[in-house]
Amino acid sequence: MSNTVIAPSEVARRVEEDDTEDLFVLDVRNEDAYEEWRIPTSTNLPIYDELLDHDFSTLADHLEDLPERQEIAVVCVGGLTSARAAEFLREEGFDAKSVDDGMNGWGRVHREYDGAADDVIQIVRPGTGCVSYIVHDDGEAVVVDPSQYINQYLDVVDARGLKVVGVADTHAHADHISGARRLAGELNVPYYLHDEDAGDLNEVTELEGGDAIAIGERELDVHHTPGHTPGSISFAFGDALLSGDTLFLRSVGRPDLEDSTEAAIRTAASELFDSLDRLTDLDETTIVLPGHFSDESTRPIATELGELRAETTNELLSFVADDDEEAFVETIVESLSEEPANYNEIKQINWGKEQPGGDAEALELGPNNCAAS
């Protein structure tokens with residue numbers, strides 16, 4: 001990569017490691033786009049439209065606001081206008097680079113972490129809030145909730161000498177296009193999904209609560225945890241709980257993406273309450289590994305169930321602890337946020353009712369809105 005461009009993966013690494021003394025992220029998109037979705041710690045100078053017209057006057061007026069001794073990573077939507085801005089800044093004496101492919105590239109970053117739980121590799125997409133996993137034992141592995149960028153997972157298992165024996169989705173995703181079927185097909189291994197979320201898919205090995213997937217000398221145990229979707233499942237593996245979109249560290253999965261009528265939301269929320277009630281009966285040392293995160297900065301993203309129950313950062317889970325189903329349902333109904341972008345089209349693809357087109361990557365870009373609050 002040239003010295004005029006910086007990889008989004010490098011930006012992600014430095015932002016995560018709090019290397020802000022050496023890196024200043026300048027976002028030149030319009031304010032509304034920035035407020036909806038942005039790189040943590042970035043600063044917004046909304047000059048996107050001006051840059052399209054090669055107008056650098058506002059940028060020139062703000063030169064004194066920019067750091068002279070830091071590397072400046074300029075980001076826009078796709079890398080074009082940021083490249084213009086970075087070139088202008090270099091001519092003014094700044095160490096400026098354009099983030100390769102802009103926010104589109106940021107949305108494709110995947111970062112790999114060990115230490116979440118024994119024999120569990122966590123794959124985090126910082127730009128979308130999505131989390132997936134590679135669970136392994138004795139040289140065998142199952143990939144859970146992979147993104148459409150399947151080479152990310154193939155690279156990890158190849159580097160570690162693991163043989164993938166199965167691929168699973170915890171549910172039919174609404175926020176991102178699943179790569180599970182394609183990965184399973186490429187490797188000629190089963191694709192696992194609960195039958196209530198299988199839609200029109202034929203190439204599915206259907207799961208039910210109480211089933212188990214063999215991995216080496218161990219098993220990935222299936223818990224049916226409906227609510228977010230009718231077929232949502234969570235996986236238990238040793239002391240780890242891969243909770244999918246049923247339980248997050250600060251919230252729970254929203255129950256309105258199958259049917260948005262109030263009656264249906266209330267019914268699904270009650271199912272979700274029961275699912276969470278069963279999960280919270282697990283041992284307090286169980287390590288909760290969610291399918292999404294919001295602004296949690298610690299890596300890997302994991303918390304013991306006992307700590308999660310004791311904390312006040314997950315209000316909805318506290319209602320479960322208090323056995324207050326009414327408050328749980330009412331809070332969900334009253335606090336649902338904006339739906340994930342393009343979620344209906346994404347679900348049709350994940351259900352096998354539509355084929356992904358040339359816009360498959362763009363469909364899932366944007367903020368993570370799968371939490372109930």
For segment 248-263, indicate whether the set of residues that are free of Cβ contacts under 8 Å to residues at least 12 places away in the same chain and aliphatic (A, V, I, L, M) is non-empty. yes
Have a look at Thr229, Thr246, Thr205, Thr225 and point out the one that is under 22 Å from Val157 (Cβ atoms) and among the polar types (S, T, N, Q). Thr205
Kindly check whether there is at least one residue in segment 140-150 that is open to solvent by 30 Å² or more (accessible area, probe 1.4 Å) and over 22 Å from Lys347 (Cα atoms). yes
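For (1) touching a Pro at 6+ places or on another chain (Cβ under 9 Å); (2) within 20 Å of Phe248 (Cβ to Cβ); (3) open to solvent by less than 60 Å² (accessible area, probe 1.4 Å), each residue gets a yes or a no:
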| site | (1), (2), (3) |
| --- | --- |
| Gly306 | no, yes, yes |
| Ala321 | no, yes, no |
| Ser335 | no, yes, yes |
| Glu361 | no, no, no |
Residues satisfying the stated conditions in segment 196-212, i.e. open to solvent by 60 Å² or more (accessible area, probe 1.4 Å) and small (Gly, Ala, Ser): Gly210
Just wondering, is there one or more residues in segment 225-234 that are within 15 Å of Trp351 (Cα to Cα), assigned to a loop (DSSP other than H, G, I, E, B), open to solvent by 10 Å² or more (accessible area, probe 1.4 Å) and in contact (Cβ under 8 Å) with a residue 60 or more places away in the chain? no
Say we look at segment 133-157 and pick out the residues that are touching a residue at least 60 places away in the same chain (Cβ under 8 Å) and in a strand (DSSP E or B); which of these is farthest from Ala212 (Cα to Cα)? Tyr133
Evaluate the following for Glu330: is it open to solvent by less than 80 Å² (accessible area, probe 1.4 Å), of a type in the set (Asp, Glu), out of contact with any Asp or Glu (no Cβ under 9 Å at 6 or more places or on another chain) and within 21 Å of Thr261 (Cα to Cα)? yes
Against the condition modelled with pLDDT under 95 and of a type in the set (A, V, I, L, M), how does Ala212 come out, does it pass? no
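Results for (1) assigned to a loop (DSSP other than H, G, I, E, B); (2) closer than 21 Å to Pro367 by Cβ; (3) in contact (Cβ under 8 Å) with a residue 12 or more places away in the chain, shown as yes or no for each residue.
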{"position": "Val15", "(1), (2), (3)": "no, yes, yes"}
{"position": "Leu26", "(1), (2), (3)": "no, yes, yes"}
{"position": "Arg29", "(1), (2), (3)": "yes, yes, yes"}
{"position": "Glu35", "(1), (2), (3)": "no, yes, no"}
{"position": "Thr41", "(1), (2), (3)": "yes, yes, yes"}
Filter segment 24-41 down to the residues that are crowded, with 17+ Cβ neighbours inside 10 Å and either touching a His at 6+ places or on another chain (Cβ under 6 Å) or not aromatic (Phe, Trp, Tyr) (or both) and list them by number. Val25, Leu26, Asp27, Val28, Arg29, Ala33, Arg38, Ile39
Residue in segment 176-195 that is at pLDDT below 95 and either open to solvent by 30 Å² or more (accessible area, probe 1.4 Å) or part of a strand (DSSP E or B) (or both) present: yes
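The values are calculated or read from the model by the stated rules, or taken from the named source; none is laboratory data. Nothing here was measured: the structure is a model prediction, and the numbers come from that model. Methodologically, a virtual Cβ is constructed for each residue, glycine included, from the backbone with ideal geometry; neighbour enumeration extends over all protein chains shown. Calculation scope for accessible area: heavy atoms of the full protein, side chains included, ligands and nucleic acids excluded. Shrake-Rupley method; radii C 1.70, N 1.55, O 1.52, S 1.80 Å.
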